[in-house]
1. Less than 15 Å Cβ to Cβ from Gly59, Lys/Arg counted +1 and Asp/Glu -1: what total charge do the surrounding residues give?
2. Report ³J(HN,Hα) in whole Hz for each residue of the range 67-76, in order, from the Karplus equation J = 6.51 cos²θ - 1.76 cosθ + 1.60 where θ = phi - 60°; Gly and Pro get x.
3. I'd like the distance between the alpha-carbon centres of the range 58-92 and the range 151-190, rounded to an integer number of Å.
4. Taking the Cβ of Pro83 as the center, what net charge do the other residues with Cβ under 11 Å away carry, scoring Lys and Arg +1 and Asp and Glu -1?
5. For a quick check: with amide H placed at 1.01 Å from N, whose amide H comes under 5 Å from Gly59's, ignoring anything fewer than 5 positions away on the same chain?
6. How large is the Kirkwood hydrodynamic radius of the chain, in angstrom, based on all distinct alpha carbon pairs?
7. Pulled fully out, how much extra length does the chain show between Glu23 and Thr162, if you take 0.36 nm times their separation in residues and subtract their Cα-Cα distance?
8. Between Thr76 and residues 5 or more places away or on another chain, which pairs have amide H atoms under 5 Å apart, with H built 1.01 Å from N, and which residues are they?
Amino acid sequence: MVSKHEAMEAVKTLLEYLEGNAEREGLKRTPERVIEAWDEIFSGYDSDAAELLNATFNGEGYDGIVLLRDIEFHSTCEHHLQPFSGVAHVAYIPVDRIVGISKLARIVDHHARRLQNQERITTGIVQDLVEHLAPLGAAAVLEARHGCMRCRGVKKQQAIMTTSAMRGAFFDRSEARAELFQLLAHRAVP
């Protein structure tokens, strides 16, 4: 494991590469600030899915789709260390237990706050729902704009990448999948 001091020295080396002078006034504390920011941005390494999803409640017979959509997320591409952000839509069909809706947002952050790719976030969310909630079905659909597409390479500013993962009833039953997509297409006015 690298110490915090070693990490700050690595940032200082990168600043020397970019700027040539990591000691100028505006950059002196940058290594410390970068490491502090990274501790927050990459806090997903310090969270545990089992703990996030362990507080369940009696579902009182509810057996329909539970969908939390438009969950904002921010992540960092593991290939170019560029940010990407968008929204996640997370759904499950409970058997007898439901989970608090904030937990669905937290499980998105648990996966997004790491060096990632969008596909892994999507499947990780669904795998955790299946493992810890044992629902009839679980699904996640993520839509995001990627910095690596916007500021380098092909430079496509408006491109949106969409990924989905479905397990259980959402994968096996076309009517459950169709109902989910109908709910996602419906935009209610707050």
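1. Values: positive: Arg97, Lys103; negative: Glu60, Asp63, Asp96.
Computed value for this residue: -1.
2. Whole-Hz 3J(HN,Hα) from phi for the range 67-76: 10, 10, 10, 6, 7, 5, 9, 9, 9, 10.
3. Here the two parts' Cα centres lie 11 Å apart.
4. Details: positive: Arg145, Arg150; negative: none.
Cβ neighbours under 11 Å give a net charge of +2.
5. Amide H neighbours of Gly59: Arg97, Ile98.
6. Values: mean 1/r = 0.0541 Å⁻¹.
Averaging 1/r across every pair of different Cα atoms and inverting gives 18.5 Å.
7. Numbers: separation 139, 0.36 × 139 = 50.04 nm, distance 4.25 nm.
Taking Glu23 through Thr162 to full extension adds about 45.8 nm, to one decimal.
8. Phe84, Arg114, Gln116
Any read-out appearing in this document is the output of simple, stated calculations on the displayed coordinates, not a laboratory observation. This structure is a prediction, so every number in the text was calculated from the model and none was measured. Cβ: placed from backbone, ideal geometry, glycine included. Neighbour counts: every protein chain shown.
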